[in-house]
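**Q** The structure that follows is given in the form of structure tokens.
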Amino acid sequence: MTRLIFNIMSLIIDYFIGGVIMNNYIDQISLYIVLASALGLVQFWVIPFLLNVKNFSWQISNQDDGLDDSLMLQRSRRAGKNILETLPIFLAFCVLSLIKGTDISQPACYWLIFRVVHGLSYMFGIIYLRTLAWLSALGCLCVMGFLLI
């Protein structure tokens, strides 16, 4: 499953970066919207599912009984919830930039990078890197918002 997702993401990135579409910031923002949505899906659903695959029979059941989650699974679920706090703002800014014709592709790209770093550092318990990545991603959102004013 992870390999399939990785292959799909690689194809999308190759398609855009390979010169087929990546002509201007509109195409970059479109790519970032797709990648941010994929990141949200991976962080919120795929990673927790894969970390809990040993309990597959429980996952497809009514889930009446609770499970003892591993520490990494708990962290990945919290990271998934955390990205839902800023993902709607990011997507709204991207759509606004397309409507207004304002190039926010650079801070959008950095936001994506910082959110990936945040998710990984959250899962592996690297607290200072996680905080720095979160603050950096928040700074990117502020820059994106400022550019849209």
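**Q** Pop the C-beta distance of Leu41 and Ile149 into the FRET formula with R0 = 30 Å and round what comes out to the nearest 0.05. Intermediate results must be reported in sequence, preceding the final value.
**A** Values: r = 30 Å, r/R0 = 1.01.
After rounding to 0.05, the efficiency reads 0.50.
**Q** Please get the size of the charge dipole for the range 43-131, origin at its Cα centre, with Cβ charges of +1 on Lys and Arg and -1 on Asp and Glu, quoted in debye to the nearest 20. Intermediate results must be reported in sequence, preceding the final value.
**A** Numbers: 8 positive and 6 negative charges, 55 e Å.
Roughly 260 debye, rounded to the nearest 20.
**Q** Apply the Karplus parameterisation 6.51 cos²θ - 1.76 cosθ + 1.60, with θ equal to phi minus 60°, to every residue of the range 108-124 and state each ³J(HN,Hα) to the nearest whole Hz, in sequence, with x for glycine and proline.
**A** 5, 4, 5, 4, 4, 4, 5, 6, 5, 4, 4, x, 5, 5, 5, 4, 8
**Q** Just the Cα atoms of the range 37-149: what Rg and Dmax do they give in Å?
**A** That works out to 16.5, 51 Å for Rg and Dmax.
**Q** List every residue whose amide H lies under 5 Å from the amide H of Thr102, counting only residues 5 or more places away in sequence or on a different chain, with H placed 1.01 Å from N in the peptide plane.
**A** When sequence neighbours closer than 5 places are left aside, there are no close amide H contacts.
**Q** Sort Val34, Val117, Val53 so the one with the fewest other Cβ atoms within 10 Å of its own Cβ comes first.
**A** Details: Val34 14, Val117 18, Val53 10.
With the sparsest Cβ surroundings first, the list reads Val53, Val34, Val117.
**Q** Exposure proxy check: Thr131, Thr102, Thr86 ranked by fewest other beta carbons within 10 Å? Let's see the in-between values first.
**A** Numbers: Thr131 13, Thr102 16, Thr86 19.
With the sparsest Cβ surroundings first, the list reads Thr131, Thr102, Thr86.
Computed from the coordinates by the stated procedures, all read-outs in this text should not be read as laboratory data. Keep in mind the model is a prediction, meaning the values are calculated, not measured. Reconstructed Cβ throughout: ideal geometry from the backbone, glycine too, with neighbour counts over all protein chains shown.
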